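The structure under discussion appears below in the form of structure tokens.
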Amino acid sequence: MNKLVILTAFLIGAMSSIAQYSGREPQDTVVGDQMINAIEQSLNLYYAENSASSNYDSIIAALNYESTDMPEFSDSVYCERLYVMNEMSPFQLECNEQTLKTIRFFVKKRRGFARVVLGRSKLYFDMFEEKLAEHGLPIELKYLAVIESGLRPQVKSRAGALGLWQFMYRTGKMYGLKENSYVDERMDPELATEAACRYLKKLYEIYNDWNLALAAYNAGPGNVNKAIRRSGNKLTYWEVRPFLPRETQAYVPNFIAAAYLLTYHAEHNIIPAEAKVHYYQLDTVCLTKGVHFESISKVLDFELEEIERLNPIYKRDYIPYSEGQYCVTLPLQQIGQLVSLEDSLYQEELETYIQPSKEIPSTNTNSTNTNTQSTTTTNSGNYSYHKVRSGETLGVIASRYGMSVSQLQRINGLNSTRIYVGQRLKVKAGSGTQTTTNTTPAATKRYYTVRSGDTFGGIAQRHRLSQSQLKRLNPRININRLSIGQKIRIR
């Protein structure tokens, strides 16, 4: 029986057992969290076991390689392997002198590149293959992104091409990739792959030859058409190749060499770099408000750099509100946490970026103000207690005491993010705002001094603010007429 079927049956049984054991309604938060955690852990274990089933370890072991070995093979072996690949591909993976020369270069000088790309491929190749299959295109086209970008979605060429598939602005726009101040869809892995599939399909319809289609992808159809005319109207890449631009003459041999090396990497003693996350471990959620990456990082206690890596579409570490158009991609576990902590996320965004320096007036000692800071009582040398007041969330409280939400949940034995007014929560002693008065000190204002060449938008970007947020902090500033030495409030 299929492992996934067995796993599904096990999970259904586990859910039933949990519900029967608890004696509570199925929608109970604690039971729901336990059930979801059990499912996620089981699925992650299943995925991890199957992702580790690659045979490169056994190949390397069978060949008895040392870690420093750099095996090379005869041209006849390279040609035999290309023949095997060619039988399974609509490409013309010809074994000629130019192809062999490029393969020999790759197996000597591109070993580190192959290792890194193989690690990155865990994040992208499954998605590439899914999209290519949807469009009825050869699976081998996934290697095109390898020679275009090295599987780096934020890489930009000197000519201005951007993303995994290196779209120029005009071509990207033609295929529906949008750009604004916060977003460039050429850097979105899925949107750019969809556009690349449509573009490559159109090029093949024009030339009816996959290698010529690749040449047109690199040099543009105009240059390929000129080369065809100069060749005497030949209709195959290898016949037209001498008349193509020099870079494009090397393009298809590079594609073939990359496809060869990534297919036979184990035979060349190349072990893939470790992948931080695989494509199947990701999920997406769309938010109802604009949010900075920093807020997500703080609320989830998750690396900012990893959020940036998994969401390359955003140019300024900010996800603008767009009625479901722009979303955040994270590992399954973090997406689950984010769904539970969405209110805390918006509160964090509000306090950090929208109202970071809102001053709360001092309370008259003869009156009571319910909006003032709650007092805390020292419990021991290690912890203090915080009394929850109206409007507070776990994210807000965690941020106030320099803690993550998961830490706050752990030391208080919380299985969910639900808290109630008057509840006493254990927090770190000696951190946060712990005071016995009923006033909250005003946040410190921060200013930036305008320098030569500064623009209002540039200042906003540098300090991770939107222009509208910076404008709200400086309502009397003429954003089109900044002067050197002028003070701009940034917090």
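Where a number appears in this text, it was derived from the coordinates with a stated rule and is not lab data. Note that the coordinates shown come from a computational prediction; the quantities given were computed from them, not determined experimentally. Here Cβ is always computed from backbone atoms with ideal geometry, including for glycine, and neighbour counts include all displayed protein chains.
So the values come out like this:
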read-out	value
VAL277-SER452 pseudo-label distance in nm [points 7 Å out on the Cα-to-Cβ vector]	4.3
Relative contact order (%) - segment 447-489, alpha-carbon pairs under 8 angstrom, separation at least six	62
Ranked list, fewest to most other Cβ atoms within 10 Å of each Cβ, for GLU308, GLU140	GLU308, GLU140
Euclidean distance of C-alpha centroids, segment 265-305 and segment 458-481, integer Å	31
Segment 69-268, relative contact order [Cα under 8 Å, separation at least 6], %	22
Mean separation of Cα contacts under 8 Å (6+ apart) over length of segment 199-334, as relative contact order %	18
Ordering of 296-306, 84-94, 393-403 by packing [mean C-beta count within 10 Å, highest first]	393-403, 296-306, 84-94
MET88-ARG229 pseudo-label distance in nm [points 7 Å out on the Cα-to-Cβ vector]	4.2
Inter-label distance, nm, simple model (7 Å from Cα along the C-beta direction), LYS173/VAL116	3.2
Volume in Å³ per residue [convex hull over Cα atoms, computed for segment 69-268]	121
